[in-house]
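The block underneath contains the structure these notes are about, expressed in structure tokens.
Here, each number is a calculation from the coordinates, and none is a lab measurement. Just so you know, these numbers come straight off a predicted model, no measurement behind them. Here the Cβ is made from the backbone with ideal geometry for all residues, glycine too, and neighbour counts use every protein chain on show.
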Ligand SMILES: Cc1cc2nc3c(=O)[nH]c(=O)nc-3n(C[C@H](O)[C@H](O)[C@H](O)COP(=O)(O)OP(=O)(O)OC[C@H]3O[C@@H](n4cnc5c(N)ncnc54)[C@H](O)[C@@H]3O)c2cc1C
């Protein structure tokens, strides 16, 4: 299937906002979407050629994510979590692990996900780590505790998790989801993206064997080697994709409602410029000058021609833009947009996700200051 066909199919079959009463329905609908992604080769974008992937460049992946997130943010988000798991495996020096999982992941036969936020952005204020690893006296470890956020944990066959040893060092491993003692939650009811089936995963004396090992033990594993860092450009990519959905809706409305034209033009211009910054950052460029405003032109941050872009600065602007653009779409859709099932209402709720998803503290602080007009 072509990517454009996949996107049309995703957009034409919007996911319900809430969990359904039968969790089998939710599992089936997420699995169906991921099977369409597999048919399109989406999972191959991220996998090196020697393991059956297409090894797309960062720019190609970004273009793909923009299209997916414009069509269905939930599907695009689930793919990012799959990609996060894949990336850690690719960076590992455990060749047997790669041979075991990557070819089956590339084809879409194996769904993977990740539970690592408790090493980066979640539960950082608690005294004791939420997921602990202790050596098992042989070559492996035992995991106990929980990983608070795992997307699609109940449909994945392998979960990449991080755990903390008694000496504070951290370990990354890929645990098959049928391993004894591992219990994913069915998917928590969320204010948006409930169909991503995000929930905690419990670990009770779960064995991690040498063949499951990805990296560590090491201090601050997410900032070294196979940790691969957290965040990056993909969160902003999805925010810009969702913005594009709202802008396209506004442009269509503006065709018969001229009063909306200025709003549609301005938001479209802002979205295009952030897209330009995103693609420049993906190619290692940081000095991107935003064009000076013309008629109804763009003033980002009250500043014309920002040149020192970084992933964090882009995220701050992308968060702001997605919240504003989706709310303009809701205002344009009026009361009809407030009725369950209308895309504009869904986009508004989905846009709020960017305030909590892997959002670095300084970025969040800047967004909150903007809201408080500080
Ligand atoms: C829908 C969704 C899907 C996600 N999917 C994944 C995934 O697949 N994999 C993954 O690894 N992560 C995932 N995440 C996690 C995400 O990236 C963030 O890590 C997470 O949103 C951080 O929120 P938290 O509530 O855990 O933060 P926390 O910082 O743990 O905050 C929780 C609560 O603790 C209290 N608190 C916070 N800070 C302090 C403080 N300094 N002092 C005292 N109390 C404090 C507050 O009451 C707060 O409400 C997901 C998140 C969401 C919402």
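Brief remarks on what is shown
- The value of relative contact order for the chain, using C-alpha pairs under 8 Å at least six residues apart, is 15 percent.
- Between the range 245-291 and the range 156-208, the alpha-carbon centres lie 38 Å apart.
- Equivalent ellipsoid, the range 142-258 (semi-axes from 5 times Cα gyration tensor eigenvalues, Å): 37, 19, 10
- In summary, the range 46-147 shows an alpha-carbon radius of gyration equal to 1.28 times the 2.2 N^0.38 Å reference for compact globular proteins.
- Sorting the Cα pairs of the range 3-107 by distance into bins of 5 Å, from 0 upward, gives 2, 12, 22, 23, 17, 12, 7, 3, 0 percent per bin.
- When peptides 71-80, 10-19 are ranked by their average number of other Cβ atoms within 10 Å per residue, the highest-first order is 71-80, 10-19.
- Taking each DSSP H run with n ≥ 4 as -39500 (n - 2.57) and averaging over every residue of the chain yields -15000 deg cm²/dmol at 222 nm.
- The protection proxy used here, the mean number of other Cβ atoms lying within 10 Å of each residue, ranks peptides 158-170, 176-188 as follows, highest first: 158-170, 176-188.
- Gain upon complete extension [residue 54, residue 338; 0.36 nm per residue less C-alpha separation]: 98.1 nm
- Relative contact order computed over the range 234-371 (Cα-Cα under 8 Å; 6+ residues apart), in percent: 28
- Each Cα pair under 8 Å and six or more residues apart adds its sequence gap; the mean of these over the residue count of the range 112-227 is a relative contact order of 29 percent.
- Pairwise centroid distance, computed over Cα atoms, of the range 1-33 with the range 66-106, Å: 19
- Start at zero, step by 10 Å, and the Cα-Cα distances of the chain spread as 5, 23, 33, 25, 11, 3, 0, 0 percent across the bins.
- Counting all C-alpha pairs of the range 234-371, share separated by more than 27 Å (%): 19
- Distance from the C-alpha centroid of the range 309-374 to that of the range 38-53: 31 Å, rounded to the whole angstrom.
- Rounded to the nearest 5, the antiparallel percentage of DSSP beta bridges internal to the chain is 85%.
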